[in-house]
Amino acid sequence: MIVSAPTLASGVGCAVAAGVMCGIFALPMKYLGRWAWENVWAIFILVSCVLMPLGIACGTVPDVPRVLGAVPPRTIATACGMGFAWGFGAIMFGQGVSAVGIAMSNTLVLAISASLGSFLPMSLLAPERLHQPQGHAVIAGTLVGIAGIACCGYAGAMRERSQRNDAAALRGTMVGKARSFSVGLLLCAGAGLLSAVLNIGYSEAQPLLHSAMRHGASSFGGSNAIWLLMLTSGAVPNLVFCGYLMAKNRTWGNYGLANSRSLYGLTILMGLLWGGDIFLYGFASPKIGRLGPAIGWPLKLIAGLIAANAAGYLIGEWKRTTLWARRWMGLGLAVMLAAILVLGWSSTLG
């Protein structure tokens, strides 16, 4: 398929915008400390994983029930099951942001997702490719990504030691409980691993995309049919967990706090940014054509990493840290950007 220069430019621009939205979507959590974590996360999930997927799928897929009924039950079950598993990763990410901050949590999750998001699906769905040039490139990109993650983890541990006496002041009004960096690191690692599960589910649910296209939807609409199942399934464990916490901590009443309009607005903005990231990239990818995996996906991840770290720096997450801690973080970012480029290049070898 030949893609015109204006179409390619718009696709690349949308991919970069999607990455920026992904990198900064958690920024409002810095200013939502009047609510408990579960109050914020419940509305965020409701907007991004229920209302947006439902509205966009109904707007881009003709006769959604008929499309779903035309695919094997195994496809539906796989999409829902993988989405449900990913939902626990979303919980871990939400808790991880409160523990290690916006910049570090996004960096670790995006890096782990990028590094393992190609390796795990290939090793599970097409293990023979690991012995081909594409598999070698994926393995190399994964190993480079792990090295970058290690550098960022070391930088985070140094930051924690530097800020130990000022942690409460630097957190400000960040929603959620303060936790040690080691706990936050484990939460982000789990979130990154389960992001790879989301990719596996999307790959296995391709018959649903084809069914939507046979019923008159575009490839973008077909993708939205998959996201509808996966994201709404992922919303289930999130909403159940938030409901449990609100009952346990008696925080249901926080929704009625005086002067809480800004809290609702910022939380809805979080949902729109994160959900918009997924659907905007789904819109951008066909415009990039065959170059999508090699150009669009790496650009999205790079833009997300840069945006998340810029946001973290601007809100003071790296204040009162040593120069060596910042240098190790910079090194980790550089190494992970190299890994993303290698993984993007590997897609051209298939």
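We did not get these values from a lab; they are worked out from the coordinates using the rules stated. Model, not experiment: these values are computed from the prediction. Every residue, glycine as well, gets a Cβ built from its backbone with ideal geometry; the counts of neighbours run over all protein chains shown.
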For the chain, the charge dipole (Cβ of Lys, Arg +1; Cβ of Asp, Glu -1; about the Cα centre) points to a positive end, and the Cα of F181, I149, Y202 closest to that extreme belongs to F181
Loop-resident trypsin sites (Lys or Arg not before Pro) in the stretch 228-278 with no more than 15 other Cβ atoms inside 10 Å, DSSP not H/G/I/E/B, are R250
Magnitude of the Cβ-charge dipole (Lys and Arg +1, Asp and Glu -1) of the chain about the Cα centre, nearest 20 debye, reported as 740 debye
A correct fewest-to-most ranking of L68, L263, L349, L110 by other Cβ atoms within 10 Å would be L349, L68, L263, L110
Assertion target for M158, M336, ordered by fewest C-beta neighbours within 10 angstrom first, is M158, M336
Stretched fully, the stretch from W324 through R179 gains (0.36 nm per residue minus C-alpha distance, one decimal, in nm) 49.9 nm
With only helices counted (DSSP H, runs n ≥ 4, each -39500 (n - 2.57)), the per-residue ellipticity at 222 nm for the chain, to the nearest 500, works out to -26000 deg cm²/dmol
For the table K30/K287; K30/K248; K248/K319, the rows whose alpha-carbon distance is greater than 28 Å are K30/K287; K248/K319
Expressed in nanometres to one decimal, the distance between label points 7 Å along Cα→Cβ at L186 and D63 is 5.1 nm
Dipole check, the stretch 5-349, charges on Cβ (K,R +1; D,E -1), about Cα centroid: among G59, G304, G330 the Cα furthest to the positive pole belongs to G330
Yeah, the stretch 201-350 with a ≥ b ≥ c from its alpha-carbon gyration tensor (a/c under 1.5 is rounded, else prolate when a/b outruns b/c, oblate otherwise) is oblate
Surrounding charge for F279, neighbours by C-beta under 15 angstrom, Lys/Arg +1, Asp/Glu -1, total +1
Cross-link reach from K177 to aspartates and glutamates, straight Cα distance under 17 Å and at least 8 residues apart if same chain, gives E38, E160, D166, E317
Diffing the stretch 319-326: the Karplus 3J(HN,Hα) column from phi (6.51, -1.76, 1.60, θ = phi - 60°), in whole Hz with x for Gly and Pro, holds 5, 6, 10, 6, 4, 5, 5, 5
Dividing the mean separation of Cα pairs under 8 Å (6+ apart) by the residue count of the chain yields a relative contact order in percent of 43 percent
Each label sits 7 Å from Cα toward the beta-carbon; between S10 and R261 the label points are separated, in nm, by 3.6 nm
Within the under-13-Å Cβ sphere about C151, not counting C151, Lys/Arg +1 and Asp/Glu -1 give a net charge of +3
